[in-house]
Amino acid sequence: MTSGFSAEYTSCTKKILLAGIELERFSLNYRLESAKQPKFRKVRYFLCQEAGAAGGLAFEATGNDQFGKARRRPLRLDKGALRGALATTLATSIIAGSSSGLELSSNMMRAYKNKKNGYDVHSATKFVSAHLSLIDDLLLKRETIVAQIADTPAYARAVAEGQMLHSLRGSFVNEYATFNADTRSYLLYQNLFYLLNASYNTVGAIAADVAYRAVARPHLNGTANILFITSGAIAMVTPIVTTTTEKYMRRYAYRSIEKQMHATKFDPDEFAVLCKGMETLDHSSAGTMMPSFPVTNRMGVYTASNTLFENQLESETKVIRKFEKVALQTGLLGPVIGATLMTQGILGTNGYYKYPVQPRRQLAQYYYGSVGGTVGTAGAVVANAVSLLQTLSYEHKLSKENRLPRQLIQKRLQHLAEIEKTVMAL
């Protein structure tokens with residue numbers, strides 16, 4: 001090997017490693033920025049949704065009391081109490097619906113800011129594709145350089161390092177595809193939920209307004225109850241629709257990136273075997289002609305730990321997202337709460353149209369519906385409170401242990417900066 005080969009070989013390998021580091025840093029920052037949430041979102045959204053649930057519970061409790069009395073003695077119905085409860089529900093439904101509209105607008109503003117900074121999906125994918133093309137060109141150039149020493153003992157070491165560099169490319173694509181799929185699917189999930197929740201509360205507010213007027217004009221009770229059915233139906237299907245859409249988007253986004261970037265399947269176990277092989281070779285003298293060998297090995301060790309990092313990041317993120325869901329977001333409570341409200345509307349509609357001249361039976365249907373509605377709204381009030389407390393407690397614990405998702409990414413970035421210094425020294 002000549003000194004000319006060594007300089008050319010080292011320069012090419014160094015450029016590949018630096019391009020990979022820049023790509024890795026971008027992927028981490030992309031995840032950090034694109035997944036960032038407004039500072040006070042959890043608390044403000046909880047308070048508004050809790051207001052909506054509490055307003056609904058106030059109406060249901062009043063309905064239990066008034067309809068329970070009136071189903072035997074219709075003249076005991078206190079219309080003033082019903083109006084007050086419905087006015088409360090109207091106001092709190094507007095608050096809850098507006099909060100979803102606010103968060104949806106906040107996400108749109110965040111998306112605009114990310115686009116300006118190059119962290120939107122299109123710009124990020126364009127950046128990653130460009131750097132992968134650069135790496136591919138450098139890998140081809142490196143193969144041409146390595147072919148010059150095919151008949152020397154150093155050839156095996158150069159080939160082993162080349163295999164490592166090709167595998168690193170696969171790891172970079174896999175990491176970006178994972179981050180991209182998670183970000184896109186979760187943002188779609190959030191935005192769709194905010195949209196459906198705003199719709200649910202809007203219909204609920206209209207229903208409360210119509211019901212308020214129906215206290216004095218009973219002919220509006222049919223319309224009010226049909227609106228309550230619609231509102232409950234929206235709440236019931238919201239978790240199903242949002243979760244299904246999120247899962248579809250995650251798969252679609254990941255496969256789309258893999259296809260666009262011509263990714264080969266990255267196998268962490270195979271990569272770990274390759275790293276061990278590199279370590280064995282590195283213990284032997286690689287010679288002064290291949291100084292990049294130990295640096296590439298270090299980059300490989302960093303990348304090998306990526307599986308553990310991604311698993312930990314995904315685990316902590318998954319738990320936080322689970323805890324921070326309000327009641328109507330959860331796959332367990334959301335459909336149940338929606339079903340109780342929908343059932344209330346069905347019973348009210350049945351009572352209005354089936355017993356138009358039998359007030360006792362009509363009011364009995366309203367009473368049975370309000371009992372179910374009380375269960376649903378009470379569950380929402382309790383679940384929302386539990387959700388906030390769990391989220392704040394868990395995040396506080398992670399923060400003390402430096403295991404919050406953003407902390408994990410920042411530590412990863414610091415480690416990457418240390419490796420970059422070593423590469424720059426080549």
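So T2 ticks every box in (1) modelled with pLDDT under 90; (2) under 18 Å from the mean Cα position of the chain (by Cα); (3) of a type in the set (V, I, T) but one. Which box is left unticked? Result: T2 passes all but (2). For L187, indicate whether it is within 30 Å of F46 (Cα to Cα), free of Cβ contacts under 8 Å to residues at least 60 places away in the same chain, under 18 Å from the mean Cα position of the chain (by Cα) and assigned to a helix (DSSP H, G or I). Criteria not met by L187.
Of the listed requirements (1) among the aromatic types (F, W, Y); (2) surrounded by fewer than 16 Cβ atoms within 10 Å (Cβ to Cβ); (3) in contact with a Gly (Cβ under 7 Å, 6 or more places away or on another chain), Y155 misses just one: (3).
Select from region 340-358 the residues that are hydroxyl-bearing (S, T, Y) and touching a residue at least 12 places away in the same chain (Cβ under 8 Å) and write down the one among them that is surrounded by the fewest Cβ atoms within 10 Å (Cβ to Cβ).
At the first step, the residues of region 340-358 found to be hydroxyl-bearing (S, T, Y) are 340, 343, 349, 352-353, 355.
Pick out the ones that are also touching a residue at least 12 places away in the same chain (Cβ under 8 Å) and you get 340, 343, 349, 352-353.
On the way: T340: 24, T343: 20, T349: 21, Y352: 22, Y353: 12.
Taking the candidates together, the pick is Y353.
Return the residue satisfying two criteria in turn: it lies in region 20-42 and is outside any loop (DSSP other than H, G, I, E, B) and polar (S, T, N, Q), and of such residues it is nearest to G162 (Cα to Cα). Outline the logic, then answer.
First, pick out the residues of region 20-42 that are outside any loop (DSSP other than H, G, I, E, B): 20-34, 41-42.
Among the residues that remain, those that are also polar (S, T, N, Q) are: 27, 29, 34.
Working: S27: 23, N29: 27, S34: 33 Å.
Filtering region 20-42 for residues that are outside any loop (DSSP other than H, G, I, E, B) and polar (S, T, N, Q), the one nearest to G162 (Cα to Cα) comes out as S27.
Only residues that are in contact with a helix residue (DSSP H, G or I) (Cβ under 9 Å, 6 or more places away or on another chain) and within 18 Å of Q37 (Cβ to Cβ) were counted in region 390-426, giving 16.
If you take the residues in region 242-282 that are among the hydroxyl-bearing types (S, T, Y) and at pLDDT below 90, which one is surrounded by the most Cβ atoms within 10 Å (Cβ to Cβ)? Ranking the qualifying residues of region 242-282, first place goes to T264. Condition check for I95 on (1) surrounded by fewer than 16 Cβ atoms within 10 Å (Cβ to Cβ); (2) assigned to a helix (DSSP H, G or I): one failure, at (1). I need a count of the residues in region 75-89 that are crowded, with 16+ Cβ neighbours inside 10 Å and over 15 Å from V210 (Cβ atoms). Matching residues across region 75-89 total 2.
From T330, T340, which residue is polar (S, T, N, Q), within 26 Å of V241 (Cβ to Cβ) and modelled with pLDDT under 95? Explain how you work it out, then say what you get.
Values: T340 fails: modelled with pLDDT under 95.
Exactly one of T330, T340 is polar (S, T, N, Q), within 26 Å of V241 (Cβ to Cβ) and modelled with pLDDT under 95, namely T330.
From the list L75, L17, L57, exactly one residue is within 30 Å of R361 (Cβ to Cβ), assigned to a helix (DSSP H, G or I) and modelled with pLDDT under 95. Which is it? Can you show your working first?
Details: L17 fails: within 30 Å of R361 (Cβ to Cβ); L57 fails: modelled with pLDDT under 95.
Just one listed residue meets the conditions, L75.
Taken as a whole, the structure places N221 among residues that are among the polar types (S, T, N, Q), part of a helix (DSSP H, G or I) and farther than 29 Å from L413 by Cα. Of all residues in region 106-143, those being in contact with a helix residue (DSSP H, G or I) (Cβ under 9 Å, 6 or more places away or on another chain) and either of a type in the set (V, I, T) or part of a helix (DSSP H, G or I) (or both) number 26. Scan region 404-426 for residues that are part of a loop (DSSP other than H, G, I, E, B) and within 25 Å of P294 (Cα to Cα) and the total you get is 2.
The values are calculated or read from the model by the stated rules, or taken from the named source; none is laboratory data. Computed from a predicted structure; not experimentally measured. Don't worry about glycine lacking a Cβ; one is built from the backbone with ideal geometry, like all the others, and counts go over all protein chains shown.
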